[in-house]
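All remarks here apply to the structure that follows.
The values are calculated or read from the model by the stated rules, or taken from the named source; none is laboratory data. Here the structure is a predicted model, which means the values were calculated and not measured. All Cβ positions, even for glycine, are placed from backbone atoms using ideal geometry, and neighbour counts span all protein chains on display.
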Amino acid sequence: MFLRLWSSFPRSLKKKILLCCVGGVSTCFIIRNTVVRKALPVCAGMGLWALDTFVPQVNLFTRYFGRGQSKDALALTFDDGPDPRITPYLLDLLRRHKAKATFFHLVSKAKHTPALVREIVSSGHEIGLHGLDHQKVWTMGLKKFRHQIEYARKTLEDLCAKPIFWYRPPHGFLRFDQYLVVRRMGLRLAGWTVGVWDTDEDVRPQEIYSRLLRSFRPGDILLLHDGVADKTRPQTAMLKALEEIMPVFSKQGLRLITLSQLWNETNYS
Ligand SMILES: [Zn+2]
(Lines give C-alpha, C1' and ligand atoms only; values in the text may rest on other atoms or scores of the structure.)
Protein backbone atom coordinates (compact mmCIF):
# COMPACT_ATOMS: atom_id res chain seq x y z
CA MET A 1 0.00 0.00 0.00
CA PHE A 2 2.78 2.43 0.96
CA LEU A 3 4.70 1.63 -2.25
CA ARG A 4 1.63 2.39 -4.38
CA LEU A 5 0.98 5.60 -2.45
CA TRP A 6 4.65 6.55 -2.82
CA SER A 7 4.73 5.86 -6.56
CA SER A 8 1.68 8.08 -7.08
CA PHE A 9 3.51 11.13 -5.60
CA PRO A 10 5.07 13.60 -8.04
CA ARG A 11 8.87 13.76 -8.03
CA SER A 12 9.00 17.18 -6.31
CA LEU A 13 6.96 15.89 -3.33
CA LYS A 14 9.11 12.75 -3.07
CA LYS A 15 12.23 14.96 -2.86
CA LYS A 16 10.69 17.06 -0.06
CA ILE A 17 9.67 13.97 1.96
CA LEU A 18 13.12 12.39 1.56
CA LEU A 19 14.82 15.65 2.60
CA CYS A 20 12.60 15.85 5.73
CA CYS A 21 13.42 12.23 6.63
CA VAL A 22 17.17 12.72 6.18
CA GLY A 23 16.98 15.97 8.17
CA GLY A 24 15.00 14.34 10.98
CA VAL A 25 17.28 11.31 11.30
CA SER A 26 20.42 13.47 11.19
CA THR A 27 19.04 15.74 13.91
CA CYS A 28 18.28 12.71 16.12
CA PHE A 29 21.86 11.46 15.74
CA ILE A 30 23.34 14.86 16.47
CA ILE A 31 21.39 15.55 19.65
CA ARG A 32 20.93 12.04 21.00
CA ASN A 33 21.09 12.56 24.74
CA THR A 34 18.88 11.64 27.68
CA VAL A 35 16.46 14.51 27.09
CA VAL A 36 15.81 13.29 23.57
CA ARG A 37 15.45 9.68 24.74
CA LYS A 38 12.90 10.71 27.39
CA ALA A 39 10.93 12.60 24.77
CA LEU A 40 10.78 9.61 22.44
CA PRO A 41 7.43 8.16 23.72
CA VAL A 42 5.81 11.60 23.36
CA CYS A 43 7.26 11.94 19.86
CA ALA A 44 6.04 8.44 18.96
CA GLY A 45 2.52 9.32 20.23
CA MET A 46 2.52 12.52 18.23
CA GLY A 47 3.70 10.58 15.19
CA LEU A 48 0.83 8.10 15.51
CA TRP A 49 -1.66 10.95 15.98
CA ALA A 50 -0.29 12.68 12.88
CA LEU A 51 -0.45 9.48 10.82
CA ASP A 52 -4.05 8.90 11.87
CA THR A 53 -5.08 12.51 11.23
CA PHE A 54 -3.24 13.25 7.99
CA VAL A 55 -2.93 9.95 6.10
CA PRO A 56 -6.41 8.59 5.31
CA GLN A 57 -4.89 5.42 3.82
CA VAL A 58 -3.66 4.48 7.32
CA ASN A 59 -6.68 3.32 9.31
CA LEU A 60 -5.23 3.35 12.80
CA PHE A 61 -8.23 4.71 14.74
CA THR A 62 -10.10 6.81 12.18
CA ARG A 63 -11.69 4.37 9.74
CA TYR A 64 -12.00 5.27 6.07
CA PHE A 65 -13.54 3.14 3.35
CA GLY A 66 -10.26 3.00 1.48
CA ARG A 67 -10.52 0.15 -1.00
CA GLY A 68 -13.09 -2.26 -2.45
CA GLN A 69 -12.83 -5.94 -3.21
CA SER A 70 -14.36 -5.94 -6.67
CA LYS A 71 -12.49 -7.91 -9.35
CA ASP A 72 -13.81 -5.89 -12.29
CA ALA A 73 -14.74 -2.41 -11.07
CA LEU A 74 -13.27 0.89 -9.98
CA ALA A 75 -15.02 3.62 -8.02
CA LEU A 76 -14.74 7.03 -9.66
CA THR A 77 -14.85 10.05 -7.35
CA PHE A 78 -14.68 13.77 -8.12
CA ASP A 79 -13.91 16.39 -5.45
CA ASP A 80 -14.16 20.18 -5.11
CA GLY A 81 -17.04 20.75 -7.53
CA PRO A 82 -19.49 21.29 -8.96
CA ASP A 83 -18.04 23.59 -11.62
CA PRO A 84 -20.44 24.66 -14.40
CA ARG A 85 -17.45 24.99 -16.77
CA ILE A 86 -16.44 21.32 -16.38
CA THR A 87 -19.11 19.19 -14.67
CA PRO A 88 -21.67 19.24 -17.57
CA TYR A 89 -19.00 17.97 -20.01
CA LEU A 90 -17.92 15.40 -17.46
CA LEU A 91 -21.52 14.18 -17.15
CA ASP A 92 -21.69 13.81 -20.91
CA LEU A 93 -18.41 11.86 -20.98
CA LEU A 94 -19.62 9.52 -18.21
CA ARG A 95 -22.93 8.99 -20.01
CA ARG A 96 -21.19 8.05 -23.27
CA HIS A 97 -19.12 5.44 -21.43
CA LYS A 98 -21.97 4.18 -19.21
CA ALA A 99 -19.89 5.12 -16.15
CA LYS A 100 -21.18 6.17 -12.73
CA ALA A 101 -19.36 8.29 -10.18
CA THR A 102 -19.56 9.87 -6.73
CA PHE A 103 -19.25 13.66 -6.61
CA PHE A 104 -17.94 15.14 -3.36
CA HIS A 105 -19.39 18.62 -3.44
CA LEU A 106 -18.42 21.79 -1.65
CA VAL A 107 -21.72 23.23 -0.43
CA SER A 108 -20.52 26.81 -1.01
CA LYS A 109 -20.31 25.95 -4.73
CA ALA A 110 -23.30 23.60 -4.98
CA LYS A 111 -25.60 26.33 -3.59
CA HIS A 112 -24.97 28.40 -6.73
CA THR A 113 -25.66 25.57 -9.20
CA PRO A 114 -28.81 23.76 -7.95
CA ALA A 115 -29.85 22.68 -11.46
CA LEU A 116 -26.46 21.06 -12.04
CA VAL A 117 -26.68 19.22 -8.71
CA ARG A 118 -30.11 17.85 -9.70
CA GLU A 119 -28.76 16.83 -13.11
CA ILE A 120 -25.94 14.86 -11.46
CA VAL A 121 -28.48 12.98 -9.33
CA SER A 122 -30.95 12.39 -12.17
CA SER A 123 -28.08 10.97 -14.29
CA GLY A 124 -27.70 8.17 -11.73
CA HIS A 125 -24.59 9.46 -9.99
CA GLU A 126 -24.09 9.83 -6.28
CA ILE A 127 -23.34 12.93 -4.23
CA GLY A 128 -21.20 13.01 -1.12
CA LEU A 129 -20.22 15.84 1.21
CA HIS A 130 -16.76 17.38 0.94
CA GLY A 131 -17.57 20.26 3.28
CA LEU A 132 -19.13 23.68 3.49
CA ASP A 133 -15.98 25.04 1.89
CA HIS A 134 -12.41 23.78 1.64
CA GLN A 135 -11.05 24.96 4.98
CA LYS A 136 -8.89 22.53 6.95
CA VAL A 137 -11.44 21.10 9.39
CA TRP A 138 -8.81 19.34 11.52
CA THR A 139 -7.89 22.75 12.98
CA MET A 140 -11.53 23.40 13.96
CA GLY A 141 -13.06 23.05 17.45
CA LEU A 142 -15.42 20.11 17.87
CA LYS A 143 -18.58 22.18 18.43
CA LYS A 144 -18.01 24.36 15.38
CA PHE A 145 -17.13 21.28 13.31
CA ARG A 146 -20.36 19.50 14.31
CA HIS A 147 -22.55 22.53 13.55
CA GLN A 148 -20.84 23.09 10.23
CA ILE A 149 -21.14 19.47 9.09
CA GLU A 150 -24.80 19.29 10.16
CA TYR A 151 -25.60 22.49 8.26
CA ALA A 152 -23.64 21.43 5.17
CA ARG A 153 -25.24 17.98 5.07
CA LYS A 154 -28.76 19.37 5.46
CA THR A 155 -28.18 22.00 2.74
CA LEU A 156 -26.78 19.41 0.33
CA GLU A 157 -29.62 16.97 1.04
CA ASP A 158 -32.14 19.74 0.30
CA LEU A 159 -30.35 20.56 -2.95
CA CYS A 160 -30.25 17.01 -4.28
CA ALA A 161 -33.44 15.76 -2.54
CA LYS A 162 -31.60 12.63 -1.42
CA PRO A 163 -29.91 11.53 1.80
CA ILE A 164 -26.13 11.94 1.97
CA PHE A 165 -24.14 8.94 3.24
CA TRP A 166 -20.53 9.82 2.44
CA TYR A 167 -18.16 12.44 3.82
CA ARG A 168 -14.63 13.12 2.58
CA PRO A 169 -12.91 15.89 4.56
CA PRO A 170 -10.78 18.40 2.59
CA HIS A 171 -7.32 16.86 1.96
CA GLY A 172 -8.50 13.75 3.86
CA PHE A 173 -7.38 15.36 7.14
CA LEU A 174 -9.61 14.52 10.13
CA ARG A 175 -9.01 14.14 13.88
CA PHE A 176 -10.23 11.06 15.70
CA ASP A 177 -12.69 13.04 17.89
CA GLN A 178 -14.15 14.57 14.70
CA TYR A 179 -14.42 11.09 13.20
CA LEU A 180 -16.58 10.05 16.18
CA VAL A 181 -18.93 12.99 15.45
CA VAL A 182 -19.14 12.00 11.78
CA ARG A 183 -19.86 8.37 12.69
CA ARG A 184 -22.58 9.38 15.16
CA MET A 185 -24.26 11.29 12.32
CA GLY A 186 -24.40 8.06 10.30
CA LEU A 187 -21.90 9.27 7.70
CA ARG A 188 -19.22 7.00 6.24
CA LEU A 189 -15.73 8.31 5.67
CA ALA A 190 -14.56 8.08 2.06
CA GLY A 191 -10.90 7.50 1.36
CA TRP A 192 -9.13 6.79 -1.90
CA THR A 193 -6.36 4.55 -3.24
CA VAL A 194 -5.28 6.42 -6.34
CA GLY A 195 -4.70 10.17 -6.46
CA VAL A 196 -3.04 11.56 -9.59
CA TRP A 197 -2.48 15.19 -8.54
CA ASP A 198 -4.77 16.43 -11.28
CA THR A 199 -5.10 19.87 -9.67
CA ASP A 200 -1.36 20.60 -9.97
CA GLU A 201 -0.76 23.94 -11.59
CA ASP A 202 0.17 23.62 -15.29
CA VAL A 203 -0.26 19.84 -15.24
CA ARG A 204 -0.66 18.46 -18.76
CA PRO A 205 -3.39 15.95 -19.72
CA GLN A 206 -0.67 13.49 -20.79
CA GLU A 207 0.87 13.56 -17.29
CA ILE A 208 -2.49 12.84 -15.63
CA TYR A 209 -3.12 10.08 -18.17
CA SER A 210 0.29 8.46 -17.48
CA ARG A 211 -0.16 8.66 -13.70
CA LEU A 212 -3.57 7.03 -14.04
CA LEU A 213 -2.30 4.36 -16.40
CA ARG A 214 0.45 3.12 -14.08
CA SER A 215 -1.65 3.27 -10.92
CA PHE A 216 -5.03 1.57 -11.11
CA ARG A 217 -6.24 -1.95 -10.41
CA PRO A 218 -9.71 -3.42 -9.67
CA GLY A 219 -11.22 -2.36 -6.35
CA ASP A 220 -9.45 1.00 -6.42
CA ILE A 221 -11.07 4.31 -5.52
CA LEU A 222 -9.86 6.96 -7.97
CA LEU A 223 -9.63 10.52 -6.72
CA LEU A 224 -10.10 13.19 -9.39
CA HIS A 225 -11.36 16.79 -9.26
CA ASP A 226 -14.07 18.46 -11.33
CA GLY A 227 -13.30 21.72 -9.52
CA VAL A 228 -10.32 23.38 -7.87
CA ALA A 229 -11.08 24.51 -4.34
CA ASP A 230 -9.32 27.84 -4.05
CA LYS A 231 -8.42 28.66 -7.62
CA THR A 232 -10.36 29.97 -10.55
CA ARG A 233 -8.99 27.84 -13.41
CA PRO A 234 -11.15 24.96 -14.71
CA GLN A 235 -10.11 21.31 -14.62
CA THR A 236 -9.69 21.03 -18.38
CA ALA A 237 -6.57 18.84 -18.24
CA MET A 238 -8.34 16.29 -16.04
CA LEU A 239 -11.28 16.16 -18.45
CA LYS A 240 -8.99 15.54 -21.44
CA ALA A 241 -7.02 12.87 -19.60
CA LEU A 242 -10.22 11.10 -18.54
CA GLU A 243 -11.48 11.14 -22.11
CA GLU A 244 -8.24 9.37 -23.16
CA ILE A 245 -8.24 6.80 -20.35
CA MET A 246 -11.89 5.74 -20.66
CA PRO A 247 -11.28 3.37 -23.63
CA VAL A 248 -8.40 1.77 -21.64
CA PHE A 249 -10.79 1.00 -18.78
CA SER A 250 -13.37 -0.57 -21.07
CA LYS A 251 -10.70 -2.54 -22.99
CA GLN A 252 -9.71 -4.10 -19.67
CA GLY A 253 -13.34 -4.92 -18.89
CA LEU A 254 -13.44 -2.54 -15.92
CA ARG A 255 -16.74 -1.06 -14.82
CA LEU A 256 -16.73 2.47 -13.40
CA ILE A 257 -19.11 2.69 -10.44
CA THR A 258 -20.08 4.85 -7.47
CA LEU A 259 -18.55 4.51 -4.03
CA SER A 260 -21.79 3.02 -2.66
CA GLN A 261 -21.81 0.41 -5.43
CA LEU A 262 -18.22 -0.55 -4.58
CA TRP A 263 -19.15 -0.64 -0.88
CA ASN A 264 -22.11 -2.94 -1.62
CA GLU A 265 -19.96 -5.23 -3.77
CA THR A 266 -17.31 -5.48 -1.07
CA ASN A 267 -17.47 -8.56 1.12
CA TYR A 268 -16.83 -7.68 4.76
CA SER A 269 -17.02 -11.22 6.18
ZN1 LIG B 1 -10.82 18.85 -1.96
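Of the residues making up the stretch 81-97, not a single one is touching a helix residue (DSSP H, G or I) at 6+ places or on another chain (Cβ under 9 Å), closer than 20 Å to GLY219 by Cβ, within 15 Å of the ligand (Cβ to nearest atom) and in the same structural domain as ILE221 (by TED's automatic domain parsing). You will find that of LEU212, LEU189, the residue that is more than 20 Å from ILE127 (Cα to Cα) and under 17 Å from the mean Cα position of the chain (by Cα) is LEU212 and no other.
Every listed requirement among (1) touching a Ser or Thr at 6+ places or on another chain (Cβ under 8 Å); (2) more than 16 Å from the ligand (Cβ to nearest atom) is met by VAL117 save one, (1). Inspection of the stretch 159-180 identifies at least one residue that is in a helix (DSSP H, G or I), more than 23 Å from LEU262 (Cβ to Cβ) and touching a Pro at 6+ places or on another chain (Cβ under 6 Å).
Residues checked against (1) over 21 Å from GLY191 (Cβ atoms); (2) more than 16 Å from the ligand (Cβ to nearest atom); (3) assigned by TED's automatic domain parsing to the domain that holds MET246; (4) surrounded by 16 or more Cβ atoms within 10 Å (Cβ to Cβ):
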{"residue": "GLY45", "(1), (2), (3), (4)": "yes, yes, no, no"}
{"residue": "THR102", "(1), (2), (3), (4)": "no, no, yes, yes"}
{"residue": "HIS105", "(1), (2), (3), (4)": "no, no, yes, yes"}
{"residue": "SER122", "(1), (2), (3), (4)": "yes, yes, yes, no"}
{"residue": "HIS125", "(1), (2), (3), (4)": "no, yes, yes, yes"}
{"residue": "HIS134", "(1), (2), (3), (4)": "no, no, yes, yes"}
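Against the numbered list (1) buried (at least 21 other Cβ atoms within 10 Å of the Cβ); (2) in contact (Cβ under 8 Å) with a residue 40 or more places away in the chain; (3) farther than 27 Å from ARG153 by Cβ, TRP197 comes up short only at (1). Need pairs with beta-carbon distance below 9 Å; first residue in the same structural domain as PHE78 (by TED's automatic domain parsing) and in a helix (DSSP H, G or I) and within the stretch 202-228, second small (Gly, Ala, Ser) and at pLDDT below 95; sequence gap 6+ or separate chains. That search, which allows pairs on different chains as well, returns ARG211/SER8; ARG211/GLY195.
LYS144: charged (D, E, K, R), within 16 Å of the ligand (Cβ to nearest atom) and either surrounded by fewer than 17 Cβ atoms within 10 Å (Cβ to Cβ) or modelled with pLDDT of 95 or more (or both), yes or no? Spelling it out, it is not the case that LYS144 is charged (D, E, K, R), within 16 Å of the ligand (Cβ to nearest atom) and either surrounded by fewer than 17 Cβ atoms within 10 Å (Cβ to Cβ) or modelled with pLDDT of 95 or more (or both). When we screen THR232, THR236, THR193, THR199 for residues that are over 22 Å from VAL58 (Cβ atoms) and more than 16 Å from the ligand (Cβ to nearest atom), the only hit is THR236.
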